[in-house]
Amino acid sequence: MFRKATMGRKVFVISNYAILIGAALICLLPIINILAISFSSSSAVGSGRVQFWPVEFTLKSYAFVLEKPEFMTSFIIAVKRVLAGVPINMLLTILIAYPLSKEKQQFSWRGVYVWFFVITMLFSGGLIPWYLTIKATGLIDSFWALIIPGAVPIFNVILLLNFFRSLPKEIEEAAFMDGATQWKVLWKIFVPLSAPAIATLVLFCIVTHWNSWFEGLILMNDPSHYPLQSYLQTVIVNRDMSLATSTDWKALALVSDRTTKAAQVFVATVPVLCVYPFLQKYFTEGIVMGSVKG
């Protein structure tokens, strides 16, 4: 028999729902406002009539944004960065996390390597040594400068190695008794069983690569090599209109600065919004299980 919910329990549940709904609205309403502005006319936005619904609906801002060669070039660079960076991140994360997940009896130098990686999370050489190191390798103003310096995400390594350590040791021992090698155990057993954690880390890597703007501004000398977020930083935050052409100035007469910025922000957000629902179901399980063991 199930006990009837007490008044305190009902208040707790209602309070939870209220807080979560409030938090969701706080996150969602700014996005709705940006979307409404991007679909509204410049006069409606300028007069402050747009809140959460488009006024004088128009697609001129999106036409202006999507026809800009600089925007599309930076968008393509950002997509390439995700397609190249995420597999590299995940491959190195898996290859590092697997040996570090072993016991000291199996890998005597495990503690040394773990601390070697952890220290890099706590201390860094600073911006100037970081830049000079990348410059010395000849990566400045190249596409790989956006990927190689951050190829090993240490936080992801720690999450995955803890997830590996949570897997039953009996499965690994049985595989070795059947003649499996370390490579086969990793790719045939550990990786398939770690799908929730790996999906979570894939999401982390996608968001990191897609939203990163600082590396592009520092490491790229040519604005045509900027990834999307670096380009948006110059246009929206710093308002660097030196990149605008005469055609842009003519088009800006038909749209407002706010509507084009809103359109660019929303177009840049759409890819992550499309990917997230497919990985969200793995997110909670992966992040929790990857953080419970040391």
ask   = Once phi is turned into ³J(HN,Hα) by the Karplus curve 6.51 cos²θ - 1.76 cosθ + 1.60 with θ = phi - 60°, what whole-Hz value does each residue of the stretch 56-71 show in order, with x for glycine and proline?
value = 6, 3, 7, 10, 4, 5, 5, 5, 5, 5, 6, 8, 6, x, 5, 5
task = Tell me which label goes with the value of mean projected area of the Cα convex hull in nm² computed from the coordinates here: (i) 23.2; (ii) 19.4; (iii) 28.4.
result = (i)
key: Stretch gain in nm, segment A23-F123, where the contour uses 0.36 nm per residue and the Cα spacing is subtracted   = 32.6 nm
request  = Provide Rg and Dmax in Å for the stretch 66-138, with only Cα atoms included in the calculation.
outcome  = 18.4, 60
inquiry  = Using Cα springs under 10 Å in a Gaussian network model of the chain, which residue among V272, V11, V118 shows the largest mean-square fluctuation?
reply    = V11
ask   = For all pairs of alpha-carbon atoms in the stretch 29-84, what percent lies in each bin of width 5 Å, listed from the first bin to the last filled one?
value = 4, 20, 19, 16, 15, 14, 8, 4, 1
note = Net charge near E56 (other residues with Cβ under 15 Å of its Cβ; Lys, Arg +1; Asp, Glu -1) is +3
request  = List the pair-distance distribution P(r) of the stretch 7-58, using every Cα-Cα distance, as the percent of pairs falling in each 10 Å bin from 0 up to the bin containing the longest distance, rounded to whole percents.
outcome  = 26, 30, 20, 15, 9, 1
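Ordering M177, M121 by accessible area with a probe of 1.4 Å, largest first, what comes out? Write down the numbers at each step before the final one.
Details: M177 165, M121 90 Å².
Result, largest first: M177, M121.
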ask   = Which percent of the accessible heavy-atom area of the stretch 39-185 goes to carbon and sulfur, probe 1.4 angstrom?
value = 70 percent
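What is the extension gain from F57 to R9, computed as 0.36 nm multiplied by their sequence separation minus the C-alpha to C-alpha distance, in nm to one decimal? List each step's numbers first, then the result.
Values: separation 48, 0.36 × 48 = 17.28 nm, distance 4.66 nm.
Result for the pair: 12.6 nm of gain on full extension.
Report the gain in length on full extension from E170 to E103: 0.36 nm times residue separation, minus Cα-Cα distance, nm rounded to one decimal.
On the way: separation 67, 0.36 × 67 = 24.12 nm, distance 1.40 nm.
Full extension from E170 to E103 adds 22.7 nm.
Can you give the calculated 222 nm mean residue ellipticity of the chain, where each DSSP H run of n ≥ 4 adds -39,500 (n - 2.57) and the sum is split over every residue, rounded to the nearest 500 deg cm²/dmol?
Details: 14 runs with 194 residues, N = 294.
Per the formula, -21000 deg cm²/dmol.
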remark   = Surpassing 18 Å at the alpha-carbon level, of the pairs K102/K169; K60/K261; K80/K188; K102/K184; K68/K261, are K80/K188
key: With Cα atoms, 0 to 90° folded angle of helix 154-166 axis to the chain main axis   = 40 degrees
query = Magnitude of the Cβ-charge dipole of the chain, K/R +1 and D/E -1, about the Cα centre, nearest 20 debye?
reply = 940 debye
query = Which value, in debye to the nearest 20, describes the size of the charge dipole of the stretch 34-118 about its Cα centre when Lys and Arg Cβ atoms bear +1, Asp and Glu Cβ atoms bear -1, and nothing else is charged?
reply = 300 debye
note = Projected onto the charge dipole of the chain (unit charges on the beta-carbon of Lys, Arg, Asp and Glu, signs +1, +1, -1, -1), the Cα from V114, Y226, V265 with the largest positive-side position is that of V114
query = In square angstrom, what is the accessible area per residue of the chain with a 1.4 angstrom probe?
reply = 59 Å²
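The values are calculated or read from the model by the stated rules, or taken from the named source; none is laboratory data. Worth saying up front: this structure is predicted, and the values here are computed from it rather than measured. Because the Cβ atoms are built from the backbone with ideal geometry, glycine has one as well, and the counts that use them run over all protein chains shown. Each accessible area value is taken on the protein alone, full model and side chains, heavy atoms only, with ligands, DNA and RNA left out. Shrake-Rupley method; radii C 1.70, N 1.55, O 1.52, S 1.80 Å.
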